[in-house]
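Just so it is clear, none of the values below were taken in a lab; they were calculated from the coordinates. Quantities reported herein were computed from a predicted structural model and do not represent experimental measurements. Here the Cβ positions follow ideal geometry from the backbone for every residue, glycine too, while neighbour counts run over all protein chains shown.
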Amino acid sequence: MTILCEPAAGAGQLSPAAGSAVVTAADLAEAGRLLAADPAELLVVVGPSIGLDDALAFAEALRVDRPAAGVVLVREALDVVVLTQALRAGVREVVARDDRTSLADACARSRALSAQVTGVVPRPRAEERRHGQVITVFAAKGGCGKTTLAVNLASVLAAGGARSVCLVDLDLAFGDVGICLRAEPVRTIVHGLGMLGHVDVTGASSLLTACRPGLSALLAPVEPGDAERIPASLVGELLAVLPTMFDFVVVDTPSAFSEHVLAAMDASHHHVVLTTPDVPSLKNLRVTLDMLDLLSYSHDIRSVVLNRSDSKVGLTMDDIDRVVRSDIRAHVPSSRDVPISVNKGNPIVLDQPRHPVSEAIARFAREHVLAEPVAAAKSSKRWFR
Ligand SMILES: Nc1ncnc2c1ncn2[C@@H]1O[C@H](COP(=O)(O)OP(=O)(O)O)[C@@H](O)[C@H]1O
Ligand SMILES: [Mg+2]
């Protein structure tokens with residue numbers, strides 16, 4: 001929880017950047033009362049309507065009374081004199097009112113610092129904690145339809161807000177989840193680097209982009225070179241926290257068995273392995289299935305999905321079955337409406353719910369994800385890596 005001290009008129013604009021769980025105080029006296037009522041409270045954001053002298057006096061007092069708690073000061077504009085005074089009074093950061101990204105970053109840094117000071121990583125209260133399921137969508141060959149399936153599966157599961165779903169774009173170098181959902185990548189996984197080693201619910205929430213009712217996304221970096229900065233351990237940490245916040249976490253992946261993908265596979269309750277009915281894709285599917293076996297992941301959590309299943313490319317279903325050697329749990333037909341929906345930035349399951357592609361994905365979600373709660377994967381052969 002974060003206390004945002006700002007009268008109601010301005011608080012609404014600052015509140016989303018201050019974090020997911022914000023309680024508003026109209027003045028510093030109320031902020032003081034809220035702090036006194038909750039000893040675990042570690043961050044006060046003081047808004048631009050609160051007088052500077054009062055804000056500094058508050059920060060100075062808090063530094064003595066509650067050294068683990070931080071104050072982030074928001075001002076109309078940044079000014080060197082204010083900055084110096086503020087830092088002298090013990091304010092952790094000063095940010096300009098219209099710079100929401102800096103405010104979110106400052107809050108995350110202050111929370112991280114507080115967590116280090118107290119040695120306690122805040123956890124959601126037991127009654128708020130969820131036990132969401134993680135679904136990783138993978139194919140070793142590019143262009144099979146991983147992103148298409150991940151985006152549409154996440155949208156189906158969110159069911160217009162009936163369930164909460166987070167879509168994680170692990171295609172760190174070329175991720176296009178943001179484009180498929182027309183979501184602005186203001187915050188991406190790159191902003192999680194500062195939280196490495198202490199990702200918590202508040203920190204994870206600050207990285208997410210709200211896309212549709214019930215559907216949030218953790219977007220891939222946009223700057224060239226940023227993908228290489230993301231360690232697999234950050235993925236592991238995020239995938240430990242996100243299921244406590246969402247009913248489902250759907251992970252879109254790159255076309256390679258990276259450490260990041262393995263971290264996702266480890267955290268997953270469902271491995272959805274995708275192929276298309278062509279020889280290179282089927283060959284890569286066979287290698288992928290053998291690899292998953294070698295890593296001792298259970299067959300029970302595995303679903304093979306055949307995308308563009310009706311493409312006439314000279315292979316019979318028998319040819320395909322011989323390679324797959326297990327049930328194909330969904331046949332998603334090929335349709336030019338799929339790329340059209342991508343170009344519109346609206347997943348086909350939302351754009352045309354009765355479309356055969358949408359119905360195939362919805363049926364898969366109903367029969368194999370919603371109907372079958374299972375334990376997380378956790379390969380036993382970690383030494384293999
Ligand atoms: N069932 C389908 N019918 C027609 N086009 C599809 C279908 N599935 C995916 N596509 C198209 O194929 C291309 C690659 O799909 P994408 O989901 O980006 O693959 P990946 O993420 O595996 O690289 C995209 O242009 C997408 O619109
Ligand atoms: Mg993709």
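Across the range 1-93, Cα-Cα pairs more than 15 Å apart make up 54 percent of the total. Using alpha carbons only, how many degrees (0 to 90, rounded to 10) separate the axis of helix 52-65 from the longest principal axis of the chain? Computed tilt is about 80 degrees. For the chain, the residue among Leu196, Cys211, Val272 whose Cα projects farthest onto the positive side of the dipole built from Cβ charges is Val272. Under a 5 Å amide H cut-off, with hydrogens placed 1.01 Å from N, Ala21 pairs with Thr2 among residues at least 5 apart or on other chains. For the Cα atoms of the chain, what angle does the longest principal axis make with the long axis of helix 279-294, in degrees from 0 to 90, nearest 10? Compared with the principal axis, the helix lies near 60 degrees.
Working note: Karplus 6.51/-1.76/1.60 with θ = phi - 60° gives the range 74-85 the couplings 10, 10, 4, 8, 7, 8, 4, 5, 4, 4, 5, 4 Hz, where Gly and Pro are set to x. Its relative contact order, with pairs defined as Cα atoms under 8 Å and 6+ residues apart, puts the range 128-384 at 27 percent. For the chain, treating each Cα as an identical point scatterer without solvent, what Debye log10 I(q)/I(0) comes out at q = 0.07, 0.10 1/Å? For the requested q values the scattering log ratios are -0.37, -0.68. Each label point was placed 7 Å from the Cα along the Cα-to-Cβ direction; for Asp278 and Asp27 their separation is 6.9 nm. Around the amide H of Cys211, modelled in the peptide plane, lie the amide H atoms of Ser216, Ala217, all under 5 Å away and 5 or more residues distant in sequence or on another chain. In this Cβ point-charge picture (+1 for Lys and Arg, -1 for Asp and Glu), the chain has a dipole of about 880 debye about its Cα centre. For the range 345-355, 3J(HN,Hα) computed residue by residue from phi via the Karplus equation (6.51, -1.76, 1.60; θ = phi - 60°) reads x, 10, x, 4, 5, 8, 6, 9, x, 8, 5 Hz, glycine and proline entered as x.
Our coupling estimate for the range 142-157, obtained by passing each phi through the Karplus curve with A = 6.51, B = -1.76, C = 1.60 and θ = phi - 60°, is x, x, 6, x, 4, 5, 4, 5, 4, 5, 6, 5, 4, 5, 5, 5 Hz, Gly and Pro reported as x. Applying the Kirkwood pairwise sum to the alpha-carbon positions of the range 28-78 produces a hydrodynamic radius of 11.2 angstrom. The charge dipole of the range 2-118, taken about the Cα centre with unit charges on the Cβ atoms of Lys, Arg (+1) and Asp, Glu (-1), comes to about 320 debye, rounded to the nearest 20. The angle between the Cα long axis of helix 232-241 and the main principal axis of the chain comes to about 80°, on a 0 to 90 degree scale. Ellipticity at 222 nm from helices only: DSSP H runs of n ≥ 4 in the chain, each -39500 (n - 2.57), divided by the residue count, give -11500 deg cm²/dmol.
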